[in-house]
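Asker: Structure below; questions to follow.
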Amino acid sequence: MATLTAAKKGVAGRIDYESWEKRASNLSKELDEEDEKEKEVAASALGLDGKHARSQAEAEEKAKAEEMQKAKQRLEAYEKREQGVTETLSGLLGSVDDHDNTAQVEEKHQEIKYITRESIGAGKRVLTVADTKGPGKIILAQDLSNLESRSAANTSLKPKSYEDDAENKEEMHEATVHRGIIKLNLRNLHQCTVVVKCKIITGTVEISHCEDVTLIVEGDDATAATIQADLCSNLDIQFHDAPSGKNVPLRVRDTNSGPTTTLFWGQDQNDRIYHAGVSNLRVRTFRDGFVDLDTTSDYKKNGAKAVGNAAAEEVQFVTSVIDDELITERVLKPGDSKDIKQGARPMTERELRELEKKKSQIEDALDEKLKDLIQLKDKNGDSVVAKDAEKKDVEEEEVIEEVYASATKEEIEAIISSVEDQKAKGNEAFTSGEYAQAVLLYTMALDEAARLPDASNVTEKLNMSVVSEPLEQLFPRHVILSNRSACFLKLGHHEKALKDGFDAEILNPAYVKGVFRKGLALHAMGKYREAIDALAKAQKVEPKNKQIKQALQFAEIRFQQEMRKRMET
């Protein structure tokens, strides 16, 4: 507590007012500081200092804000990383500021610009062509398909590999090589033609703010499975014998022939053109120089309207091949899908109806099968199971079996192919060290697998949380769960890693990788006794696995150290 002292007398017995004011100022400052300290102590005691939430709602809001901040930082890091590998080529045909009239444009020389490997800087693999005005043609030469992107090699030795496991590739001492450009962006182009003859690794082309532009994708190498066009006018997209995103090139004995296309653009359901705010869009496919399919679209004619704060230009449409025709459909907003999912891909009204119909058929088929069993009780209240005496018509049973067991064989195969594709991409991201991206891809694979007819059996098995006999599945989800568990371990999300490892064990206890990663997660969480049990179970399945043996030894050492500390205290 500050104390007040008498002011000293000045010359000739007068009061030294300057000294007095100085002391009074210091005293006031001390009192203010003491008051602030008392307020801080009181606020801390009441939990009002901001360090602790005052309610559950505030705690949840704080957690959301922290998560959003982390997500923002991750997004900024991703954008920074993408900028580091992006090559931007501007003004190739001339500046967009040139204001030529129609006659001048017609007289202007039709310039042709080639983009080759020499046009791309070292380490640049995402190509952006921007801010140019024709007339003229820009050609992405097939030479770009020879660009190499290498995933870093992991030289650590592993004692054993497992089928479809994400960590298998880590045993390779050579870097994984991908050829081609990663992605193509076309931005603010006018009165020109862009010809793509090269490989696009992701199969993605993004087009924005373009006018009077023709995009031609042609040749065996050129893969542009997914195109996103926004805020464009007079856009013409052509596919000349271009492969589908799911195409597997077939090499013939004549080495001069090179790869041949086995699946053309539009023959897979994932070959799509998404567009928003695009007026006068034309899409065509060509086979052997002749037009095969042709359609036009315009966002205003398609019925796009402003709703609330969303402008008409924000309404998303998709053009794809349906029953051998190019069809344009409106993409549903996230809240319009009635909780029915088809993976990460946007859904249309038609697809929603088909999924609802398929779901209804499966439910009806299950009901029909359950009618074969009638639950009865005897006079003592004990359950008695009796078979229905009526026999079903053979043809009806075959129809039910076809719907439930395959939801049509072609549809099941398509779903499994999509799941396999997402899983493969997840494995590739894991090998490259992109663990967060791998988590996303594995989650997309699991979402896609949820469309399979056996999804209800899988959900019921997981909800039981009991490790018993392996569950027969149309696709081995335990492999994906185990791979995602490995990603969570790398990211330090140990509880999520434990959940996925345990779920993998429930679906297939014999799959040792799931049990092993469950043990690693328990060890990371400091639950050494439980980790020992899990790792011992894994070792029982594979007693010669050195990796499991070493992990078990570490867990036992940690457990003994923990026990000693408890005894000492």
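Asker: Any chance you could run the full-extension gain for Thr262 through Glu410? It's 0.36 nm times the residue separation minus the Cα-Cα distance, nm to one decimal.
Answerer: 51.5 nm
Asker: Oh, and also: Express in nm, to one decimal, how much length is gained between Leu27 and Ala310 on full extension, taking 0.36 nm for each residue of separation and deducting their alpha carbon distance.
Answerer: Gain on stretching Leu27 to Ala310: 95.9 nm.
Asker: Which order do the peptides 552-564, 196-208, 226-238, 278-290 take when ranked by the mean count of other beta-carbon atoms within 10 Å per residue, highest first?
Answerer: 196-208, 226-238, 278-290, 552-564
Asker: Provide the gained length on full extension for the span Asn188 to Leu89, in nm with one decimal, where the gain is 0.36 nm per separating residue minus the Cα-Cα distance.
Answerer: Residue separation times 0.36 nm, minus the Cα-Cα distance, leaves 34.5 nm.
Asker: Place the peptides 188-195, 26-33, 70-77 in order of packing, highest mean first, counting for every residue the other Cβ atoms within 10 Å and averaging per peptide.
Answerer: 188-195, 26-33, 70-77
Asker: Additional query: Past the 30 Å Cα-Cα mark, which pairs from Lys333/Lys423; Lys359/Lys423; Lys183/Lys496; Lys183/Lys513; Lys62/Lys305?
Answerer: From Lys333/Lys423; Lys359/Lys423; Lys183/Lys496; Lys183/Lys513; Lys62/Lys305, over 30 Å: Lys183/Lys496; Lys183/Lys513; Lys62/Lys305.
Asker: How big is the Rg/Rh ratio for region 261-329, C-alpha atoms only, Rh by Kirkwood, two decimals?
Answerer: 1.06
Asker: Now for a separate question. Sort the following peptides by mean Cβ neighbour count (other Cβ atoms within 10 Å, averaged over residues), highest first: 347-359, 526-538.
Answerer: Top to bottom by mean Cβ count within 10 Å: 526-538, 347-359.
Asker: Then there is this: Scan around Gln316 for amide H atoms under 5 Å from its own, H built in the peptide plane at 1.01 Å from N, and keep only partners 5 or more places away or cross-chain.
Answerer: When sequence neighbours closer than 5 places are left aside, the close amide H contacts are Val331.
Asker: So how far apart, in nm, are the two label points at Arg282 and Ala424 if each is 7 Å from Cα heading toward Cβ?
Answerer: So the two model labels end up 3.5 nm from each other.
Asker: Between Ala436 and Thr459, take the C-beta separation as r, use R0 = 35 Å, and let me know the FRET efficiency to the nearest 0.05.
Answerer: 0.85
Asker: Additional query: Report, to the nearest whole %, how much of the accessible area of region 425-569 belongs to carbon and sulfur atoms, 1.4 Å probe, protein only.
Answerer: Of the solvent-accessible surface of region 425-569, carbon and sulfur hold 53 percent.
Asker: Using each residue's phi in region 423-437, evaluate 6.51 cos²θ - 1.76 cosθ + 1.60 at θ = phi - 60° and report the 3J(HN,Hα) Karplus result to the nearest Hz, with x for Gly and Pro.
Answerer: For region 423-437, the Karplus-derived couplings read 5, 4, 5, x, 4, 5, 5, 4, 4, 7, x, 8, 5, 5, 5 Hz, x marking Gly and Pro.
Asker: Near the amide H of Asp292, under 5 Å away, which other amide H atoms are found, from residues 5 or more places off or on another chain, if H is placed in the peptide plane?
Answerer: Thr285, Phe286, Arg287
Asker: With a 1.4 Å probe and all protein chains left in place, how much accessible area per residue does region 447-520 have, in Å²?
Answerer: Roughly 40 Å² per residue, with all protein chains present.
Asker: Pairwise over distinct Cα atoms, reciprocal of the mean inverse distance: report the Kirkwood radius of region 445-569 in Å, one decimal place.
Answerer: After inverting the mean inverse Cα-Cα distance, the result is 15.1 Å.
Asker: Quick check: net charge around Tyr528, other residues with Cβ under 14 Å of its Cβ, Lys/Arg +1 and Asp/Glu -1?
Answerer: Charge balance near Tyr528 sits at +3.
The values are calculated or read from the model by the stated rules, or taken from the named source; none is laboratory data. In this text, all values refer to a predicted model and were calculated from it rather than measured experimentally. Glycine also receives a Cβ, built like all others from the backbone with ideal geometry; neighbour counts cover every protein chain displayed. Remember, those area values only see protein heavy atoms, side chains included, never the ligands or the DNA or RNA. Shrake-Rupley method; radii C 1.70, N 1.55, O 1.52, S 1.80 Å.
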